[in-house]
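Participant: The following block contains the structure, expressed as structure tokens.
The values are calculated or read from the model by the stated rules, or taken from the named source; none is laboratory data. The shown structure was predicted, so the numbers you read here are calculated from the model rather than taken from an experiment. All Cβ positions, even for glycine, are placed from backbone atoms using ideal geometry, and neighbour counts span all protein chains on display. Heads up: the accessible areas ignore ligands, DNA and RNA and are worked out on the full protein's heavy atoms, side chains in. Shrake-Rupley method; radii C 1.70, N 1.55, O 1.52, S 1.80 Å.
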Amino acid sequence: MGNLESIRYFTPELIIVVFAILVILFDLVSRGQSSNGTAYLSLFGLLCATIAVLVVGNVNQSLFFGMVRIDGFATFFKIIILIATAVTIIFSMVSNELDPKAQGEYYALLIAINLGMFLMASSANILIAYLSLETVSLTSYILAGFLTRNPRSSEAAFKYIIYGAVASGTMLFGLSLVFGMTGTTSIVQIGQQLPEIASSYPTAVLVSIIFIFAGVGYKIASVPFHMWSPDVYEGAPIPVTAFLSVASKAAGFALFIRLFYFSFGATNVNWTMLLSVVSALTMTFGNLAALPQQNVKRLLAYSSIAHGGYLLMGVVLLSGDGIKAVLFYLIIYMFMNLGAFFVVILVAKEVGSENIDGYKGLISRAPFVAVAMVIFLFSLTGMPPLAGFAGKWVLFAAVVEKKLYWLAIVGVLNSVVSLYYYIRIVKAMLFDPSEDAETLSFSRGSMALLMAFVVPTILLGIYWKPYDFLKDLPLDRFIG
Amino acid sequence: MLLTSMIFIPLVGAIIVLLVPRDREDAAKWIAFLVTLIPLFLAVLLYFQYDPTSVEIQEVVETSWIKAFNIRYHTGVDGLSVTLILLTALLGPICVGASWKIEKGIKVYLSLFLLLETGMIGFFCALDLFLFYVFFELTLLPMYFLIGVWGGPRREYAAIKFFLYTLFGSVLMLIAMIAVYLNSSVDPGLRTFDIPTLISLAQTSGHALADPTFQIWAFLGFFIGFAVKVPIFPFHTWLPDAHVEAPTAISVVLAAILLKMGTYGLVRINFAMLPAGMDFFTNGLGRWGNALAILGVVNIIYGSLCALAQTDFKKLVAYSSIGHMGFVILGLAARNEAGVTGAILQMLNHGVISAMLFLLVGVVYDRAHHRDINGFGGLGAKMPIYTGITTLAFMASLGLPGLSGFVGEALSLLGAYSKFQLLTILSTIGIVVGAAYFLWTLQRVFLGDLNPKYEAIEEINMREIATLIPLGVLTIVLGIWPHFAIEMFRNSVVGLPLQ
């Protein structure tokens, strides 16, 4: 489809650009007057973008001469990203970490990053893939370093930039190899030509696949490209950490599936085995590294690496069931992980601590928050009948179906390991007496938002209709 | 409907109990007590409605739950389930009664207990493998909190150990379960988790599920899951810790019901669904012979010897549990009618007797605030009724003819002897040691000169007696006339692939 016709299907992205500019202008006009105003304007912008995404709907179209793809898959990720961003904006309003004077840029960046993520989810061309990845990365660097007075935050941003630059450079090299071999930048065309090339030059193809994986693996924080993530997650403002661990990861997986499902899926190079090992290492590393953590934010950072490993299992299968399992898991992961981070924000704000010690006796100080956290943590572990179990179930079912028994066993044993560190928080909240007996009070809005995470975390474990729906989708029409 | 209401009434009760206002916490106890009476009443109704002469599964409820995996909410009972459901339902009100003195967070405690009851009853009714697993896991969370919050000094360690061990076992079971599902049919639309269907498929020769190699691996997956729960050596180390730290009523449920979930699973899944796997582990291992029977005998001897060495009353009972569960494994390993009947009877008997023993330990602990067997002495003079009931429970547990413990163990041994003489003879060491530690304990706690510290110790009170009487009566009735229980589950035994 040509450029002018494409505009019609590109409205969500355009709305995002418009609102990113509007937020900056609004902030200039009302400088220092209303810090929540920018947040509400951003939320409104996201609402408009959501409506636009739904209006454009589930069409199968290639835009801008095959650069961008609009399909159910892209729509799915756009909605996930929009929800995660909206939640992050609300988190930022609740949290008191941010400097009220700098909030205009902050919200503008949060909106602008959506543009990059949208393009990641819908890229049909390796150029767009790379550009969108860079857009997201550059914006994330600034967001991670947003607490300018906090040296940890600056350190986080620096680490993020250095790792990011190396990873994306490596990826670019991989992409150029692929371009050199196939002479095209279209993902679908690469996918058509690569099998033939791979049969004569398997090493070249494998090397380029590994190089490309460096870029994507860095976004989803998979071993061995994960090193930035604990420091960044710990140093960044908590809402940004929550955002990176959900939206950024989701966008990374979207791009990953786009690239690997279409381009490399059919090659005879055995990269699936390699990535299965990477997936096993990622979850094992994430879980083992989380064991000794005392800082809950850092603990959740490692836990999110581990969850990236679980998700990776679904991708390497290259089966429709695997991809659907990844999508389903991402929905559930979004609710439970954002919920857990919200509790971290609330506790950091009221107790003033991000350490496990700060959670001691939370059950008597703020019973609802503590119970909600217990639900999120057990769901992250994968205990039935909570949603996390449903997510893991579909993932493991897909893995066992492909007869990768060893991977499934590594995966389930990892769940057992993860129980140990999640339960340390539960233990602190429920079993240990608190040093401070004062009850904590939270606003009704916060409690309502917490409830909005608790309900799906319980419901999706019992009510599986969403998965039934996903399962019945024909994959070739879903990802066109 | 009978089963469904039995499963979910405790869940509703759990919510109601939570809603009781803070200043009326006594009411919570009465509400919980009344709620547990409903499943008991329904279980008795079920007992009378159930037709033991029929081989059919009864009281079936079946509706679709998760279409994508063809998972159904499918419940129903056979004689074995009815027996264990009756035991579970009976222990409901008894445990609420035994928890009467708990002060700390009683509402949450009772609510978790009721949630546990939902999990246990649901587990014994489930006929869909997925549902079975969900109920199996559902008992984990409440148990973790009940031990971790209301337990003894090392409660956190015990609770987490219990949780990690059981989860480790059950995740392996999860993989086995998915593998069974995927092998149930080549056509993704026809795959099933339905236990009766899977059982019949696994016995159809040529079917992927009947493949011996597949069955051996699936058997291992399920076996480890259940072995942790039973517990079978070497997966048993969580049990003494959990028992010692758990509050009395929770120890009772743990010993009487949760351990039975393991053996029930072994009968339902490993025995019935994976006969080729069972073959391999009962006579396919060359010179190792009957691996399952060896594990049973190890449990019996090891459990009894450990019990003999204990000075903590509760730990002694916990280790004796490991020993007695060994007879269940031994009976199952024999794979003949006498052995399996004995094994199931032993499940029921151990449920009743160990519940009594833990209640009795709780009674003396509430008064003396310690459980050191050597720290008592001569209590018989001050607490004659308590001494009498304890003697009854001890005698039943050590297998005195005429009381229930004897029948189950005797039948297990009878079945086992016809298959493997040497192992059976070895296992009788456990019985002798069992008699030794119980009699020695009796002597140290109740006989001899009265320890002056306990000059003013109170006799067992009416509430405590009331929790013990139903169990005591059952011990005697089952000892004299075991037939009424055996009749209940006879068809379940005959329906198994015996040899």
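Participant: How big is the A/B interface in buried accessible area, both sides summed, 1.4 Å probe, to the nearest 100 Å²?
Facilitator: Approximately 3100 Å² gets buried when A meets B.
Participant: So for region A:7-103, taking the charge dipole from beta-carbon charges (+1 Lys/Arg, -1 Asp/Glu), which of A:I24, A:I90, A:F76 sits furthest toward the positive end?
Facilitator: Comparing the listed Cα positions along the dipole, A:F76 ranks first.
Participant: Please arrange A:Y40, A:Y233, B:Y417 by accessible surface area, largest first, computed with a 1.4 Å probe and ligands excluded.
Facilitator: These residues rank, largest area first, as A:Y40, B:Y417, A:Y233.
Participant: Related question: Against the longest principal axis of chain B, how steep is helix B:140-150, in degrees 0 to 90 to the nearest 10, with axes from Cα atoms?
Facilitator: The two axes meet at around 10 degrees.
Participant: Separate question: Only Cα pairs under 8 Å and at least 6 apart count here; give the relative contact order of chain B as a rounded whole percent.
Facilitator: About 15 percent, as a whole number.
Participant: A follow-up question, please. Excluding B:K314 itself, what net charge comes from residues whose Cβ is under 12 Å from its Cβ, given Lys and Arg +1 and Asp and Glu -1?
Facilitator: Neighbourhood net charge equals -2.
Participant: Could you work out how far the C-alpha centroid of region B:136-198 sits from that of region A:387-422, in angstrom?
Facilitator: Using only Cα atoms, the two centres lie 13 Å from each other.
Participant: Under a point spin-label approximation (7 Å from Cα along Cα-to-Cβ), what is the B:T4-B:I16 distance to one decimal in nm?
Facilitator: The modelled label-to-label distance comes out at 1.9 nm.
Participant: Continuing with the same structure: Going 7 Å from the Cα of A:E155 along its beta-carbon direction, which residues of region A:204-240 have the amide nitrogen within less than 14 Å of the resulting point?
Facilitator: Counting only backbone N, you get A:228-236.
Participant: A follow-up question, please. In whole angstrom, and with the biggest value first, how far do the Cα coordinates of the protein assembly as shown range along each principal axis?
Facilitator: Result, largest extent first: 95, 67, 45 Å.
Participant: Could you work out the longest stretch of chain A that avoids the GluC sites (Glu not before Pro) located in DSSP loops with at most 13 other Cβ atoms within 10 Å?
Facilitator: A:1-434
Participant: Quick check: from the Cα gyration tensor, does region B:411-488 come out rounded (a/c under 1.5), prolate or oblate?
Facilitator: Here region B:411-488 falls in the oblate category.
Participant: Say R0 is 30 Å: what FRET efficiency, to the nearest 0.05, do A:N58 and B:Y73 get from their beta-carbon distance?
Facilitator: Between A:N58 and B:Y73 the formula returns 0.40.
Participant: Please work out how much accessible surface A:Y359 shows to a 1.4 Å probe, ignoring ligands, DNA and RNA, in Å² rounded to 10.
Facilitator: Its heavy atoms expose roughly 0 Å² to the probe.
Participant: Could you tell me which of the pairs B:K101/B:K161; A:K159/A:K249; A:K219/A:K471; A:K360/A:K427; A:K78/A:K392 are separated by over 20 angstrom between their Cα atoms in the structure shown?
Facilitator: B:K101/B:K161; A:K219/A:K471; A:K78/A:K392
Participant: Express in Å², to the nearest 10, the accessible area of A:V59 obtained by rolling a 1.4 Å probe over the protein heavy atoms while all chains stay in place.
Facilitator: 40
Participant: For all pairs of alpha-carbon atoms in region B:184-243, what percent lies in each bin of width 10 Å, listed from the first bin to the last filled one?
Facilitator: Going out from 0 Å in 10 Å bins, region B:184-243 shows 20, 38, 22, 16, 4 percent.
Participant: Obtain the nm distance between the two label points defined at B:L447 and A:E196 by a simple spin-label model: each point lies 7 Å from its Cα along the Cα-to-C-beta direction.
Facilitator: Going by the 7 Å Cα→Cβ label model, 9.5 nm.
Participant: Please compute the contact order of region B:283-499 in relative form: average sequence separation of alpha-carbon pairs under 8 Å and at least six residues apart, divided by the residue count, as a percent.
Facilitator: 28
Participant: Relative to the longest principal axis of chain B, what angle (0 to 90°, nearest 10) does the C-alpha long axis of helix B:129-138 take?
Facilitator: Orientation of helix B:129-138: about 20 degrees from the principal axis.
Participant: Quick one: ranking A:T185, B:T311 by accessible area, 1.4 Å probe, largest first, what do you get?
Facilitator: B:T311, A:T185
Participant: Which order do A:D321, B:D449 take by accessible area at a 1.4 Å probe, largest first?
Facilitator: Heavy-atom accessible area, descending, gives B:D449, A:D321.
Participant: What is the angle, in °, between the Cα long axis of helix B:384-398 and the longest principal axis of the Cα atoms in chain B? Nearest 10 is fine, range 0 to 90.
Facilitator: 30
Participant: Using R₀ = 35 Å, calculate the FRET efficiency as 1/(1 + (r/R₀)^6) where r is the Cβ-Cβ separation of B:I429 and B:N374; round to 0.05.
Facilitator: E(calc), rounded to 0.05, equals 0.90.
Participant: Under a point-charge model restricted to the Cβ atoms of Lys and Arg (+1) and Asp and Glu (-1), what is the dipole moment magnitude of region B:283-499 relative to its Cα centre, in debye to the nearest 20?
Facilitator: That gives region B:283-499 a dipole magnitude of about 460 debye.
Participant: Which of rounded, prolate or oblate describes region A:218-283 when judged by the alpha-carbon gyration tensor and an a/c cut-off of 1.5?
Facilitator: In terms of gyration-tensor shape, oblate.
Participant: Using +1 at the C-beta of Lys and Arg and -1 at the C-beta of Asp and Glu, which of B:L392, B:L80, B:L295 has the Cα lying farthest in the positive direction of the dipole of chain B?
Facilitator: My answer, from the dipole projection, is B:L295.
Participant: Looking at region A:327-407, which trypsin sites (Lys or Arg not before Pro) are DSSP coil and have at most 10 other C-beta atoms within 10 Å of their C-beta?
Facilitator: Counting only loop positions with at most 10 other Cβ atoms within 10 Å, none of the trypsin sites (Lys or Arg not before Pro) in region A:327-407 qualifies.
Participant: Here's a follow-up. In Å², what does the accessible area per residue of region B:134-223 work out to with a 1.4 Å probe?
Facilitator: With all protein chains present, region B:134-223 gives 32 Å² per residue.
Participant: Here's something else I'd like to know. Could you list, bin by bin from short to long, the percent of Cα-Cα pairs of region B:1-143 in 10 Å steps?
Facilitator: Binned Cα distances yield the sequence 12, 40, 31, 14, 3, 0.
Participant: So, one more: Among A:T282, A:F453, A:P367, which residue has its Cα furthest toward the positive end of the charge dipole of region A:271-480, with +1 on Lys/Arg Cβ and -1 on Asp/Glu Cβ?
Facilitator: So the residue furthest toward the plus end is A:T282.
Participant: Starting from the Cα coordinates of chain B, work out the convex hull volume and express it per residue in Å³.
Facilitator: 130
Participant: First check a/c for region A:379-467, with a ≥ b ≥ c the square roots of the eigenvalues of its C-alpha gyration tensor; if it is under 1.5, answer rounded, and if not, answer prolate when a/b is larger than b/c or oblate otherwise.
Facilitator: Oblate, because a/c is 1.5 or more while a/b does not exceed b/c.
Participant: Moving to a separate point now. Run the Debye formula on the Cα coordinates of region B:283-499, all scatterers equal and no solvent, and tell me log10 I(q)/I(0) at q = 0.07, 0.12, 0.16 1/Å.
Facilitator: Those come out to -0.23, -0.63, -1.00, one per q.
Participant: Kirkwood hydrodynamic radius, computed over distinct alpha-carbon pairs, for region A:202-343: how many Å, to one decimal?
Facilitator: 15.2
Participant: Between region A:230-284 and region A:319-370, what is the C-alpha centre distance in whole Å?
Facilitator: The distance from the Cα centre of region A:230-284 to that of region A:319-370 comes to 20 Å.
Participant: How many partner chain Cβ atoms sit within 10 Å of a residue's Cβ in peptide A:463-476, on average, as a whole number?
Facilitator: If you average over the peptide's residues, the count of other-chain Cβ atoms is 2.
Participant: Next question, about the same structure. Rounded to the nearest Å, what's the spacing between the alpha carbon centres of region B:94-133 and region B:1-67? Just the number, please.
Facilitator: 11
Participant: In nm, give the distance between the simple-model label positions of B:A466 and A:N36, each being 7 Å from the Cα along the Cα-to-Cβ direction.
Facilitator: About 5.6 nm separates the two model spin labels.
Participant: Over region A:271-480, what lengths in whole Å, largest first, do the semi-axes of the equivalent ellipsoid take, defined as the square roots of 5 times the eigenvalues of the alpha-carbon gyration tensor?
Facilitator: Semi-axes (√(5λ), whole Å): 32, 19, 12.
Participant: Any idea what the relative contact order of region A:1-65 is, in percent, if you count C-alpha pairs under 8 Å spaced at least 6 apart?
Facilitator: RCO, region A:1-65: 64 percent.
Participant: Can I ask one more? Just tell me how shielded B:174-186 is by partners: mean number of partner chain Cβ atoms within 10 Å of each residue's Cβ, no decimals.
Facilitator: 4
Participant: If you don't mind, another one. Just to confirm a number: summing +1 for Lys and Arg and -1 for Asp and Glu over residues other than B:V55 whose beta-carbon lies under 14 angstrom from that of B:V55, what do you get?
Facilitator: -3
Participant: Once you treat every alpha carbon in region B:314-431 as an equal point and sum by Debye, what is log10 I(q)/I(0) at q = 0.14, 0.16, 0.22 Å⁻¹?
Facilitator: So the normalised log intensities work out to -0.61, -0.74, -1.13.
Participant: What do you get for chymotrypsin sites (Phe, Trp or Tyr not before Pro) in region A:406-452 restricted to DSSP loop and a cutoff of at most 11 other Cβ within 10 Å of the site's Cβ?
Facilitator: Passing both the DSSP loop test and the Cβ count: no residue.
Participant: Could you tally the net charge around B:L91, taking each other residue with its Cβ under 13 Å from the Cβ of B:L91, Lys/Arg +1 and Asp/Glu -1?
Facilitator: Neighbour charge sum, excluding B:L91 itself: 0.
Participant: How many percent of the alpha carbon pairs in chain A exceed a separation of 31 Å?
Facilitator: 40
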